[in-house]
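What follows is a single structure, written as structure tokens, with notes after it.
The values are calculated or read from the model by the stated rules, or taken from the named source; none is laboratory data. What you see is a predicted model; the values in this text were computed from it and never measured. All Cβ positions, even for glycine, are placed from backbone atoms using ideal geometry, and neighbour counts span all protein chains on display.
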Amino acid sequence: MTQVNRLGGGQIDRTKTLNFKFDNRNYTAHPGDTLASALLANGVRLMGRSFKYHRPRGVLSAGSEEPNALVELRKGSRKEPNTRATTIEMFDGLEANSQNRWPSLKFDALAINDQLSRFLTAGFYYKTFMWPAVFWEKFYEPLIRRAAGLGTLSMQDDPDEYDKGFRHCDLLIIGAGPAGLMAALTAGRAGSEVILADEDFALGGRLNSESFLLNDDQAEIWVAQTVAELSAMPNVRLMPRTTTIGAFDHGIYGAVEQTGDHLANLPTGKPRQILWRIYSKRALLCTGATERPIAFENNDRPGIMLAGALRSYANRFAATPARRVAIFTNNDDGHRTAADLHAKGVKIAAVVDVRVDAPTSGDYEVLRGAQVIDTKGRLGLAFVEVGLADGSNRTLDVGALGVSGGWNPNVHLTCHQRGRPTWDEGLSAFVPGETLPPGLAVAGAANGIMTTYGALQSGAQGAAQALELKGDLPTLPEAEDMPVRQTPFWYVQGCSRAWLDQQNDVTVKDVKLSHQEGFRSVEHLKRYTTLGMATDQGKTSNMGGLAIMAELAGKSIPETGTTIFRPPYTPVPIATFAGRLKGQEFHPTRLPPSHYWAKERGAVFVEVGNWLRAQWFPLPGETHWRQSVDREVRQTRASVGVCDCTTLGKIDVQGTDAADFLNRIYCNGFAKFAVGKTRYGLMLREDGIAMDDGTAARLAEDHFIVTTTTANAVKVYQHMEFVRQCLLPDMDVQLISTTEAWAQYAVAGPNSRKLLQKIVDPEFDISNEGFPFMGCGNVTVCGGLRARLFRISFSGELAFEIAVPSRYGDALMRRLMREGEEFNVVPYGTEALSVMRIEKGHAAGNELNGTTSALNLGMARMVSKKKDSIGATLSEREGLNQPDALMMVGVKPVNSGDKVTAGGHLMNASGPVDAANDQGYITSAAFSPSLDSHIGLGFLKNGGERQGEKMRLVSPLTELTVEVEIVSAHFVDPQGERLRA
Amino acid sequence: MRYSGFQVIKEALTGHKGWKPAWRDPEPKPQYDILIIGGGGHGLATAHYLAKVYGHRNVAVIEKGWIGGGNVGRNTTIIRSNYLLDGNEPFYEFSLKLWEGLEQDLNYNAMVSQRGIINLIHSDAQRDAFTRRGNAMILNGADAELLDADQVRREYPFLNFNNARFPIKGGLAQRRGGTVRHDAVAWGYARSADKNGVDIIQNCEVTGFRIENGRCLGVETSKGFIGAGKVGCAVAGNSGRLMGMAGMRLPIESHVLQAFVSEGLKPLLPGVITFGAGHFYVSQSDKGGLVFGGDLDGYNSYAQRGNLPVVEDVCEGGMALMPMIGRARLLRMWGGIMDMSMDGSPIIDRTHIDGLYFNGGWCYGGFKATPASGHCFAHLLAKDEPHPTATAYRLDRFRAGRMIDEKGMGNQPNLH
Amino acid sequence: MIIQHPLLGPRDSSEFVYLGDASLIDRPDWQAENAAEAFHDYAYLRDNPAGEHRELWFHEGGDRSWLVVTRNTVTHEISRVELARDVARTRGRSK
């Protein structure tokens, strides 16, 4: 297919031809094209369908403000729906398809909606589909959902890489048009660290689209020279294809660099996009302006576009939607388009200018005081109906119409911290307000300075002011400086199906209905009609809707208001915000020291927070996890087992006030206990609820090791630092977390001492007399390696925990296994650990669930009333001390063989089963190999006095009801004889 | 005017000339029986139920901006009643039942869509906790269903089942949960309240309370003094600011919660998914946008906007859960101000000032609570005693030690 | 956000963990007559201002200092950062 609408000149590289496909047809293009420009050059105007009425759509713009020409780019797992053809940089082999149409773009069945449009007005769905009630989910909604939406996702995992990074600079310049380039030149020559970011692949902004001269040269030559100079500066970083998406707090800007979107194939390892967080105390917003359309009847046909876009396509891309075009304008800029197109050999049928005093031209006809009142053409513009000043009509036979209603400064980022723009009467447009994000200044057209010279000048000055530069500014090139005045002209009187938001199909009629029904605030207008809610976020439509609402309400535009601009400036792939954190890399994985050894043993692992812990260690022949776990429990209780408990938090507490400090942290007494002893401690939150439990071991007068549960290690450390720094600042005490520094293993079971005696160096007496229950101390192992030994037990057996510096953890585990062979030592995982602690009736995470008090846990007497400790006072509130308060109990099924369900609720033996009769719940449950029965721990109202009671354990969720007996939580060795053995 | 399919057709054929404003635009009267401060979902719902259920028609709702502009207009539209604790579950179940009949009650299609919600399970402890919760729901008359991994996979085959850092081990489903078109809730309640005689007064900002001898007589506003027999405050997000004018300190902090929407896509997500381990939840609107969110930014804020770290955190959660959304584009982010209470549960109660009533502390459960909150607040205002499903939502529960702490986080609001 | 750490200079807020109102430093006397009431107010009631707010941040990803940050809750502007320990001492806390 030939490029029938390719013009001469332009910034495309004609020496290379690129092949691409749109809707499975082959076309050719050149480097420098966008998909939109290439399609236009190939004579394609129809590129999409609108959201609601499925009207045919072509391009409206030549940039990121595009609402219409949305396509599905690429194929398979790389398919990207809703991609703006106007910003897709052409590459060889590009494939794109139109979307939101069935069966084809030209014949779209849902175009029937357009015929029904009088029924489908703004908000019609709020008034109907209510009868019968069940029909909504079953019938109406599925219908609406299928019709709605735009493109489709591939439903396959995104295969590309994404990355994130930080950048810092003295001045971030957002936008590389005349203002941005001049600002970069000024700051760069002064030696400042500069980042110049622009969303386009070609720097230069609007200068690339204009035919006028800078210093007697084409503007693009000045751009090329300037970019060359900037590129050579080591202190200037040019970032094309980089959209600054948001201005966040304290000078942090989000920017998305499209590093791979313009490539046919991403080289391995190269990210598709990078999210940059740019930290800059100063930023200069040089984002230019966006042209605004005029609403008139049927103004949405393919071929009707912004006049400035028409000019961009002709000048920069050497493409035109048609060989014969017209212009509809209310300002001089529209005439510039006519002149440029005429110079390129495009026939100008007429310039329709609403002003009676519009300038005239010798090259083409100007219809002064005229307006476009209708258009025709089913899949593309064919005729334009013009109402002339004398009241007569004239039909223009054209394939394209450029429309200009003036230009709106791109103030977007100035509002990201909730600043409001202010109304400029001369421009009839919003310009940046007084409250800008701190450190941000605005230059050029974004600041309402609409001439090229003005933009250059304000860019230079803006940079100089931001950086407080002294001395002369760089010499500015000569450039056009025609004063710009914009008289508002929003819509043609009498029009009704005149589009404001072309993607969402919001027309002038809808705005009128919104007003009629009382939805008059801008936000109501937006939400009721969906104006400005499309993928372009109303960049070309919000102003028109606002102006019409203002007129209907008899108010000025600034009185009527403006909607809030929110990040991102243009839509950003979700994957870009996620970067590399996906799949296994989503969160860091913490490995305990015995991990690799456990892996060799074939352990099954489980995620515990960020830790990966061995859950059980299956042996050959074991087919069910219970076999492994039961064996681990039995063998530990019969002889000896070893479990990696490194994940428990360890906090080293040192200082002359360390004991006093712990006495304040724990609710039970800690002031006096001997060196070489370990004590169980319960920490409360200030609200009197249990925070965590663990042990504190006193290694020296001024040295303690505090342990926490795995889950609360971080929180407890933070809390202790809070108490130390904020509540007790003069205490001589220091804290440091040593969780990762020490590998710690529980060695449990009747033979644990015998095993450890083979490990601990002989000069240390670890007999029951020399190292009794709750003893602790520094020892050496394996011939001189420093270690810590604690005689504490979670399993209820005679047990120790032994700690060595982490780098010896793997070796110690292997040594324990080797030396333990004669005792038939068994490694056990978290599951056996949990079974044994349930058998012993120790509370763990399921019981310390953030709502249970010391009283609930059966430890009310531990809360000392003789001292000031965190949480003690508020633990005394009456609601926490009710006579029927929940108390921790054990439960056993009455019929052996029945299962206890964690999460089941306890109900009286008879009576109704409902929330009102709820007596408590089961927190933990397990099969106990020691008792040969399922058992559970739970909380029961007045549970302390209900031992022996028969109750029903109900779990309607899993459809189970089991008769259970309330028993002591200490199923195994209630007297604690084993652990003292 | 009654809305119906017939009416839509009739108006379409006659040029839409007959549609009336959805609510009047009255000037405030000098005195009302009951004055509601806050034209958000809860305030408007309160007015609706006061008029329709409790027969109070001399009622006004005053709103400092435009109605529905607070959290009812900036949430992620989810409804559910999957709560654990006795103080909460009956209330949220009451709310869900009101949602189920909302359109017919209001004659307004708020698109209540019971497409189901699934809370994913990633560990045994989480399954235990969700089992307890599911049982509590059923015991309170709600629906709940425990799914294993295969069942979740059948419904959501595109979740990350192959390479997940936190493997999906099941889910707790509530089929009656779903989403609602949030703006329409405010409009529907406003229209109904207005029809029943309630004055809805926009652009009317409260500047102070008139309190004499321990009794609230009315409020000073930007439109002058408005007297009232009873004043009900329903301004969640700004509760601290407003009640400060009455000299009250509250067990509430204001925090920013961000929410996000993607570009419109053809249907891909049937229901609501909550990924607790990854701080991410998502649904798809009827218009096709993926509506998603995550955690609070974490610091006190009235700014209605947040910062990048949470945006990244939420999207990381999204990619971890369903890597196929990578190429969907995030279109817009925004922030709402959350009344974060000290136990994560709300307050509907009298204050120590006669005639002054408070409704707030909704944390991020406010939207789903809208009908029940309105109903229960109306009940309290009309009868001076709490509605049976809202008896736990007392202001003095912290003094009494009767917290309703679903998450077990204690008195740190940003953790709830 | 960027927090000017008094010892370490500007640090990104993502290195920190937020707690809440700096009044949490002013923990009541457990032996006072009205201790129950005072602890209730301390633990539960907040000024929650729209404007300047003194608040506690913990430098978890740094030197583990608790800081008192004075920050505007409407604009997020930070006007002052102090070591919480210093603040605690000036508020009369000792050991």
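Tabulated data for the structure shown
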quantity	calculated
Residue selected from the stretch B:101-123 under the condition at the interface with chain A (Cβ under 8 Å from one of its Cβ atoms) and not polar (S, T, N, Q), by the criterion surrounded by the fewest Cβ atoms within 10 Å (Cβ to Cβ)	B:Gly101
Meets criteria (within 7 Å of another protein chain (Cβ to nearest Cβ), within 24 Å of A:Pro132 (Cα to Cα), crowded, with 20+ Cβ neighbours inside 10 Å and in contact (Cβ under 8 Å) with a residue 60 or more places away in the chain) for B:Ser95	no
Residue in the stretch A:22-36 that is farthest from B:Gly288 (Cα to Cα), counting only those that are within 33 Å of the chain's Cα centre (by Cα) and not in a loop (DSSP other than H, G, I, E, B)	A:Thr34
Meets criteria (without any contact (Cβ under 8 Å) to a residue 24 or more places away in the chain, facing chain A (nearest Cβ under 9 Å) and of a type outside the set (Lys, Arg)) for B:Pro167	no
Evaluation of B:Val261 against (1) surrounded by 24 or more Cβ atoms within 10 Å (Cβ to Cβ); (2) part of a strand (DSSP E or B); (3) within 11 Å of another protein chain (Cβ to nearest Cβ) (one fails), failing number	(1)
Residues that are in a helix (DSSP H, G or I), in contact with a helix residue (DSSP H, G or I) (Cβ under 7 Å, 6 or more places away or on another chain) and either charged (D, E, K, R) or surrounded by fewer than 23 Cβ atoms within 10 Å (Cβ to Cβ) (or both), drawn from the stretch A:830-875	A:Glu831
Residues that are part of a loop (DSSP other than H, G, I, E, B) and either more than 13 Å from every other protein chain (Cβ to nearest Cβ) or without any contact (Cβ under 8 Å) to a residue 12 or more places away in the chain (or both), drawn from the stretch A:935-963	A:Asn942, A:Arg946, A:Gln947, A:Gly948, A:Glu949, A:Glu959
Entirely in the stretch C:1-76, the strands (runs of 3 or more DSSP E) that have 1 or more residues that are surrounded by 16 or more Cβ atoms within 10 Å (Cβ to Cβ), under 14 Å from the mean Cα position of the chain (by Cα) and facing chain B (nearest Cβ under 8 Å)	C:17-21, C:52-58, C:66-72
Pairs where the first residue, in the stretch C:73-95, is touching a residue at least 24 places away in the same chain (Cβ under 8 Å) and charged (D, E, K, R) and the second is in a helix (DSSP H, G or I) and loosely packed, with under 15 Cβ neighbours inside 10 Å, C-beta under 7 Å, 6+ apart	none
Strands (runs of 3 or more DSSP E) within the stretch B:307-410 that include 1 or more residues within 7 Å of another protein chain (Cβ to nearest Cβ) and either in contact with a helix residue (DSSP H, G or I) (Cβ under 8 Å, 6 or more places away or on another chain) or without any contact (Cβ under 8 Å) to a residue 12 or more places away in the chain (or both)	B:329-341
Set A:Val913, A:Val891: member being over 42 Å from the mean Cα position of the chain (by Cα), assigned to a strand (DSSP E or B) and either modelled with pLDDT of 95 or more or on the phi < 0 side of the Ramachandran plot (or both)	A:Val891
Near pairs, Cβ below 7 angstrom, 6+ apart or cross-chain, from the stretch A:130-153 (more than 7 Å from chain B (Cβ to nearest Cβ)) to any residue that is surrounded by fewer than 19 Cβ atoms within 10 Å (Cβ to Cβ)	A:Ala147/A:Leu110
Considering residues of the stretch A:533-587 that are surrounded by fewer than 23 Cβ atoms within 10 Å (Cβ to Cβ) and of a type in the set (D, E, K, R) only, the residue farthest from the other protein chains (Cβ to nearest Cβ)	A:Glu551
B:Arg132 facing another protein chain (nearest Cβ under 10 Å), within 24 Å of A:Gln615 (Cα to Cα), surrounded by fewer than 21 Cβ atoms within 10 Å (Cβ to Cβ) and in contact (Cβ under 8 Å) with a residue 12 or more places away in the chain	no
Single match in A:Ala460, A:Ala429, A:Ala445, A:Ala498 (criterion: small (Gly, Ala, Ser) and more than 21 Å from A:Gly334 (Cα to Cα))	A:Ala460
Search result, residues across the stretch A:197-237 that are touching a Leu at 6+ places or on another chain (Cβ under 8 Å) and assigned to a loop (DSSP other than H, G, I, E, B)	A:Leu203, A:Gly204
Subset of the stretch A:306-322 [among the small types (Gly, Ala, Ser) and within 19 Å of A:Val398 (Cβ to Cβ)]	A:Ala307, A:Gly308, A:Ala309, A:Ser312, A:Ala314, A:Ala319, A:Ala322
Test: residue in the stretch A:19-38 that is touching a residue at least 12 places away in the same chain (Cβ under 8 Å), surrounded by fewer than 24 Cβ atoms within 10 Å (Cβ to Cβ), more than 23 Å from A:Ile574 (Cβ to Cβ) and of a type in the set (A, V, I, L, M, F, W, C)	yes
Qualifying residue in the stretch A:727-740 (condition: assigned to a helix (DSSP H, G or I) and touching a helix residue (DSSP H, G or I) at 6+ places or on another chain (Cβ under 9 Å))	yes
Residue in the stretch A:681-699 that is within 14 Å of chain C (Cβ to nearest Cβ), surrounded by fewer than 20 Cβ atoms within 10 Å (Cβ to Cβ) and modelled with pLDDT of 95 or more present	no
All strands (runs of 3 or more DSSP E) inside the stretch A:40-105 with 3 or more residues being surrounded by fewer than 24 Cβ atoms within 10 Å (Cβ to Cβ), of a type in the set (A, V, I, L, M) and in the same structural domain as A:Thr507 (by TED's automatic domain parsing)	none
Yes/no for B:Val272 being at pLDDT 95 or above, within 14 Å of chain A (Cβ to nearest Cβ), surrounded by 24 or more Cβ atoms within 10 Å (Cβ to Cβ) and farther than 30 Å from A:Leu143 by Cβ	no
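Residue-wise test of (1) touching a His at 6+ places or on another chain (Cβ under 8 Å); (2) facing chain C (nearest Cβ under 8 Å); (3) buried (at least 17 other Cβ atoms within 10 Å of the Cβ).
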position	(1), (2), (3)
A:Glu701	no, no, no
A:Phe704	no, no, yes
A:Lys715	no, no, yes
A:Val723	no, no, yes
A:Asp730	no, yes, no
A:Gln734	no, no, no
A:Ser737	no, no, yes
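Condition check ((1) in a loop (DSSP other than H, G, I, E, B); (2) over 30 Å from A:Thr121 (Cα atoms)) across all residues:
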{"residue": "A:Ala445", "(1), (2)": "no, yes"}
{"residue": "A:Ala455", "(1), (2)": "no, yes"}
{"residue": "A:Ser458", "(1), (2)": "no, yes"}
{"residue": "A:Leu476", "(1), (2)": "yes, yes"}
{"residue": "A:Ala479", "(1), (2)": "yes, yes"}
{"residue": "A:Cys495", "(1), (2)": "yes, no"}
{"residue": "A:Gln503", "(1), (2)": "yes, no"}
{"residue": "A:Leu513", "(1), (2)": "no, no"}
{"residue": "A:Lys539", "(1), (2)": "yes, no"}
